[in-house]
Structure formats: C-alpha cells, structure tokens
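Just so it is clear, none of the values below were taken in a lab; they were calculated from the coordinates. Here the structure is a predicted model, which means the values were calculated and not measured. For neighbour counting, all protein chains shown are included, and Cβ atoms are generated from backbone atoms with ideal geometry for every residue, glycine included.
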Amino acid sequence: MPIVPLMPALSSGWLYHPIQPYLALHIPDGFLNLPVIAVTWILAIVLIAISLNRVQADYQEKAVPLMGVCAAFIFAAQMINFPIPGGTSGHLLGGTLAGALLGPWAGTLVMTVVFIVQAVVFQDGGLTVLGANIFNMGLIGTFAGYYLYKAIRFAIGRNKLSGMAVGAAVAAWASVMIAAIICAIQLAVSGTVPLAVAIGAMATWHVLIGIGEAAITVVALVFIWRTRPEMFYDPPRRAVSPRNRIGVGS
C-alpha cells in the first residue's frame with residue numbers, strides 16, 4: 001500500500017501486518033500535531049464530564065455492576081483478534097454494544113476506562129494522543145453507534161428481535177467507519193499523511209473490520225435479548241417493570 005513508506009512506525013492498534021504496518025485506529029504518539037491533540041483532549045474531557053454528571057443524576061445504583069461487567073467483557077473481547085485478507089487482523093471496538101446495554105452516557109465511561117487501561121498497561125495507542133483515541137473510538141463510536149442503533153431498532157420495532165439485531169449490526173459497522181474517517185482526518189490535518197491516502201487506507205480495511213464488529217455485537221446482544229432482555233438500556237416492553245429496570249431510558 002502507498003501509505004507504508006510514509007508511516008513506517010504505525011503498527012499498533014486495530015491493524016497489524018507481520019511484515020508491513022498499516023494505518024490503525026489506535027494512534028501512536030507523534031502522529032498528531034499539538035492543536036489536534038489539544039482539541040481532542042478538550043472534547044474528550046468535556047464529554048466525559050457531561051457523561052459523569054448524567055450517570056450520577058439519571059442511573060440507578062444497580063447500573064454500576066452492569067457497567068463493570070460490560071467493561072470487563074469488552075476488554076476481554078478486544079483481546080481476541082479475527083483475521084481479514086492480506087494477513088491483517090481486527091478486534092472488537094465495542095461502542096455500540098456498550099451503548100445498547102448502558103446507554104450513551106454510561107457507555108462512554110465504560111469505553112473510556114477500557115481505552116485508558118489499554119494505553120497505560122498494554123501500550124495500545126499513545127499517551128499524548130489518548131484524548132484523540134478516546135474521542136474517536138470511545139465517544140464517537142458509542143454515541144453514533146447508540147443513536148443509529150436506536151433509530152433503526154425503533155423504526156423496525158422496539159420489541160422485535162429483528163429490529164434490535166438489524167439496528168445493532170448497521171450501527172456497529174457504521175460506528176467503526178465513522179471513527180476510521182475521523183481518525184484519517186486528524187492525521188491529515190496534522191500533516192502526517194495526505195487526506196486522500198489516509199481515508200482510502202482506513203476505509204478499505206475498516207469496511208471489513210466493521211463486519212467483524214457487527215457480527216460480534218449482534219451475537220452478544222441476541223444472547224442477552226433472549227436470556228436477560230431487561231439488561232438493555234431500552235428494553236423491550238415486555239421486559240420493563242419498576243423492579244427490574246436497570247437504567248433510565250432516553
């Protein structure tokens with residue numbers, strides 16, 4: 001790919017080839033300029049602060065254990081890579097999954113914790129650009145994924161398994177693509193790589209990775225729908241009661 005000689009060190013994160021590195025969603029240190037780093041950190045901090053306030057005000061206490069379980073599941077699932085053509089691999093992002101179960105506010109907090117642990121413990125993405133990685137994958141992925149999922153599910157049928165599955169599949173795929181395009185724009189604005197090259201490389205691979213994201217998300221949510229539907233942030237009507245509702249719907 002033409003991007004390889006331009007970016008010889010970009011080998012961490014979503015994509016890794018045993019011989020050649022490719023553009024990835026987990027941005028390493030040194031690939032964004034100071035203005036982009038500053039803006040993404042500010043946006044990330046503001047959205048996290050708003051999310052904290054919303055969770056404290058709107059969620060019941062029993063939502064906290066579910067947040068911990070969801071964070072643990074997404075973190076473990078992200079450790080499992082699935083192969084795609086060309087010798088590369090991808091893994092679950094999880095924003096749509098977290099949003100469907102916890103809502104956009106608590107979901108963003110879960111994703112933020114996951115990406116902080118990845119960066120600090122596993123060096124998956126740089127520390128100076130952690131704000132950008134959280135913003136791209138944790139915040140955009142969760143908010144865009146949740147609201148698209150909700151719109152499609154409610155249009156098809158809130159109480160239908162098919163509505164939930166179609167909404168989750170489309171939203172999970174789209175959230176990956178949106179995060180990839182935003183990442184490409186950030187790299188281009190920083191002068192790291194031309195915009196056309198960045199978007200072409202990111203879009204090509206993440207079309208396939210988005211399919212894996214959608215498959216894993218749907219499998220997990222279908223299982224929960226059939227066994228514990230009340231765990232959804234917007235549960236089907238038959239599962240809602242004052243005693244078993246975990247969170248507050250939007």
Is at least one residue of the range 195-213 under 19 Å from Pro104 (Cα atoms) and either in contact with a strand residue (DSSP E or B) (Cβ under 9 Å, 6 or more places away or on another chain) or surrounded by 18 or more Cβ atoms within 10 Å (Cβ to Cβ) (or both)?
yes
Out of Phe154, Phe115, sole residue that is closer than 18 Å to Ile45 by Cβ and out of contact with any strand residue (DSSP E or B) (no Cβ under 7 Å at 6 or more places or on another chain)
Phe115
